[in-house]
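Here is the structure we will look at.
Values quoted throughout were computed directly from the atomic coordinates according to the rules given, and no laboratory measurement underlies them. Since the model is a prediction, treat every value here as computed from it, not as a measurement.
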Amino acid sequence: MKKIYQRYVSLISKIPKRHYFPIFVIISLYFVVPYSEFVVTVLAPLYFIFEKQIRWFFKKLPIPEYIRYGGSLIFFLVMIDDYLFYFAIIAFAIWSSKQVENE
């Protein structure tokens, strides 16, 4: 079990912190986009390929940060529609983040 834990933490630690939020949004899109198993799966890697251009574009939009993050949080809550599952995901993400920092 310890070996699996160490492997998990080593894989999670390879993800840059700036990618946490985009991964969160991409996973949320699987609940909304029609044919998401095809559309989101094909378009998600394009975000990471053209990350600089996309981040530049969204930084130019006059949207305050609290609306951007708050809107994404509400969007994700509505899409999952199961609060226990939602809190389990958030708790697991926080735990994973702390384990990466500890290692």
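Strictly over 20 Å apart at the Cα level, which of 3/98; 14/60; 14/59; 52/98 would you flag in this model?
In this structure, 14/60; 14/59; 52/98 lie more than 20 Å apart at Cα.
In cubic angstrom, how much convex hull volume per residue do the alpha carbon atoms of the range 3-43 span?
Considering the Cα atoms of the range 3-43, their hull volume per residue is 91 Å³.
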